[in-house]
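Here's the structure we're looking at; comments come further down.
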Amino acid sequence: MAEEAQATPPTAVAEEVQEVPLPATTVGAKAPPQLELFNSMTKRKEPFQPLVEGKVAMYVCGVTPYDFSHIGHARAYVAFDVLYRYLKFLGYEVEYVRNFTDIDDKIIKRANERGETVTSLSSQFINEFLLDMTELQCLPPTREPRVTDHIEHIIELITKIMENGKAYAMEGDVYFSVDSFPEYLSLSGRKLDQNQAGARVAFDMRKRNPADFALWKAAKEGEPFWDSPWGRGRPGWHIECSAMSAHYLGHVFDIHGGGKDLIFPHHENELAQSRAAYPESEVKCWMHNGFVNKDDKKMAKSDNNFFTIRDIIALYHPMALRFFLMRTHYRSDVNHSDKALEIASDRVYYIYQTLYDCEEVLAIYREDGISVPVPAEEQKMIEEHHNNFLDDMSDDLKTTDVLDAFMNMLKAINSNLTDLKKLQQKLEQQNKKKQQQKKQQQKQQQSQKQPADHIQALIALEAELKDKLSILGLMPPSSLAEVLKQLKEKALTRAGLTEEELQELIEQRNVARKNKQFEVSDGIRRNLATKGIALMDEPTGTVWRPCEPES
């Protein structure tokens, strides 16, 4: 697409994404660069130009709700939530559609095993999925349609495909004919494999080509069904997304997303169905996220290395899981390991503890109306951070670099907190000295930051950090004090300790130190460190915080 034809996105910021205003120090910073996204169809990054200026139409394939969602689902929906949030931050009005496949072989099988209806089973796990998404702070899509609410649209689409000679009916089943569609496999780039049926069912010898896939399945005994021109039955897997995306977004829309395992057969078949019915159908940008692996092996129930979202957040805070998933670029595979989750949890704790410390110090100064400018060093740092954030996010959502860049901001906040405390103590001592030392004090202060400088620096650094965390969905919904408490509770759970048991160990260590039994006290400290509990001796006593377990 020609560069001069690219429209500049509007600059309004979505309220639900932007929880704090842009810091005043970034007002003079550059505008967001051209957003570029990797297109799975063309296999390259391309400038993103929506069909309608200021608006984005996005469809992401949803879950089949027959069980609790796994962290592969979390991977996909956190990745596209980041995209959704960033598009809204850029000022786009986003129509985000994510479906529920609430009729499927797996749902029918599980419902029969449990002695309940397909509707009750799917509704239960839809609700469980939505609770998981709330925990991970994924914004609700604009629409969340269910397949069973769109049977009419599915039948209409199948009818159109058949009228165009691209499908055939046999004994109540309807199959898409891949031989009638020369563009088949243009998305995946695969060669037609005679052993690949391209569907979730065993090979059917009645098919004209083994790769032909079901658009409509004839009803079997005991299964839910709907009336159709071909008899009673239900939709095949792939047709649903073609029908629902067209219904809500039109035949041509901006972004279609999902896990890379959906490229073939699901998205390949979607593309074929849609174009077979309406040749003008087109997705401008296909986007796919990577897998989640367990210790470098692809997660699979058969290998017993499979985890649900609930499994993970029972031990780790949901924000730690979100951070962990965002630490790897969305197109790359994520390697799940306890160590990686511990590192993510430790990083999240550090972020929130730093912000909490900053809030505590600034609480007594916020109403003072400090008029001094932000110190030049911090001003430059904030503007660079803001600009780098825009560069990284606009370059196909490089969240890895964005999260790493937070460390410099956090160090700057902690440095200012430390310097402010030292300066306040120093000034208190100087104020007690005799009048003849006043000139020396003033001379020293001329070349040093004053308390107001540190306070203004902290206010600006805090605003910038909270702003970017909010855009990424990493600002907790509760207070920082509450989320720190939750992180500590999760750490105790992983360590197999209660708060009372930990305090008892701390007391045993204090007694050992008092009796100069340093081998005993050091042993307690080391043992706790291996469990992810760090002890810190302060003037007011021994406190603890979660840490990455020492080996």
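The values are calculated or read from the model by the stated rules, or taken from the named source; none is laboratory data. Predicted model only: the values in this text are computed from it and were never measured. Note: ideal-geometry Cβ built from the backbone for every residue, glycine included; neighbour counts use all protein chains shown. Please note that ligands, DNA and RNA were not included when accessible areas were found on the heavy atoms of the full protein model with its side chains. Shrake-Rupley method; radii C 1.70, N 1.55, O 1.52, S 1.80 Å.
Heavy-atom accessible surface of Leu505, to the nearest 10 Å², is about 40 Å², with a 1.4 Å probe and all protein chains retained. Here the relative contact order of the chain, from alpha carbon pairs under 8 Å that lie six or more residues apart, stands at 17 percent. Measure off, as a whole percent, the carbon and sulfur share of the 1.4 Å-probe accessible area of the chain, all protein chains present. For the chain, the apolar C and S fraction of the accessible surface comes to 49 percent. Restricting the GluC sites (Glu not before Pro) of the stretch 32-103 to loop positions (DSSP other than H, G, I, E, B) with no more than 12 neighbouring Cβ atoms within 10 Å leaves Glu53. Give the lysines reachable from Lys217 as a straight Cα distance under 23 Å; neighbours fewer than 8 places away on the same chain don't count. Candidates past the 8-residue exclusion: Lys106, Lys109, Lys160, Lys166, Lys207. Counting only alpha carbon atoms, the long axis of helix 518-530 and the longest principal axis of the chain meet at about 30°.
Mind checking the full-extension length gain between Lys516 and Ala376? Use 0.36 nm per residue of separation minus the Cα-Cα distance, one decimal, nm. Show your work: numbers first, answer last.
Working: separation 140, 0.36 × 140 = 50.40 nm, distance 4.93 nm.
Fully extending the segment from Lys516 to Ala376 adds 45.5 nm.
Calculated [222 nm] ellipticity per residue, helices only, for the chain: -15000 deg cm²/dmol; basis is -39500 (n - 2.57) per DSSP H run with n ≥ 4, divided by all residues, nearest 500. Of the residues Pro229, Phe253, Asn289, the one whose Cα sits farthest towards the positive end of the charge dipole of the stretch 195-297 is Pro229 (charges of +1 on Lys and Arg Cβ, -1 on Asp and Glu Cβ, taken about the Cα centre).
When Ser521, Ser551 are compared by accessible area at a 1.4 angstrom probe, the order from most to least is Ser551, Ser521.
Read phi for every residue in the stretch 96-101 and hand back ³J(HN,Hα) as whole Hz from Karplus 6.51 cos²θ - 1.76 cosθ + 1.60, θ = phi - 60°, with x for Gly and Pro. Listing the rounded values in order: 10, 10, 9, 8, 10, 7 Hz. Annotation: lysines with alpha-carbon distance below 21 angstrom to Lys45 (same-chain offsets under eight excluded): Lys55, Lys88, Lys260, Lys284, Lys398. Once the C-beta distance of Asp227 and Asn164 is scaled by a Förster radius of 30 Å, the resulting FRET efficiency is 0.85 to the nearest 0.05. Taking every alpha-carbon pair under 8 Å whose residues sit at least 6 apart, the stretch 496-550 reaches a relative contact order of 24 percent. Is the shape of the stretch 112-171 best called rounded, prolate or oblate, per the rule: a/c under 1.5 gives rounded, else a/b larger than b/c gives prolate, else oblate, with a ≥ b ≥ c the square roots of the Cα gyration tensor eigenvalues? It comes out oblate by the Cα gyration axes.
Angle of helix 151-163 to the longest C-alpha principal axis of the chain, folded into 0 to 90 degrees and rounded to 10: 50°. Note the angle between two axes, namely the Cα long axis of helix 399-431 and the longest principal axis of the Cα atoms of the chain, as a number of degrees from 0 to 90, rounded to the nearest 10. Once rounded, the angle reads 20 degrees.
Could you report the chain's accessible area per residue, 1.4 Å probe, as an integer in Å²? Please list the in-between numbers first.
Values: 25800 Å² over 551 residues.
That works out to 47 Å² per residue.
Ranking Glu548, Glu156, Glu268 by solvent-accessible area of protein heavy atoms (1.4 Å probe, all protein chains present), from largest to smallest, gives Glu156, Glu548, Glu268.
Can you bin the stretch 496-550 into rounded, prolate or oblate? Criterion: square roots of the alpha carbon gyration tensor eigenvalues sorted a ≥ b ≥ c, rounded for a/c under 1.5, prolate for a/b above b/c, oblate for the rest. Please list the in-between numbers first.
Values: a/c = 1.56, a/b = 1.39, b/c = 1.12.
Prolate.
A dipole drawn for the chain from +1 and -1 charges on Cβ atoms has a positive end, and of Ser479, Gly496, Thr159 the residue lying farthest that way is Gly496.
Report which label in (i) 94, 57, 48; (ii) 103, 61, 36; (iii) 72, 67, 59 holds the value of Cα extents along the principal axes in Å derived from the coordinates of this structure. So the calculated entry is the one marked (ii).
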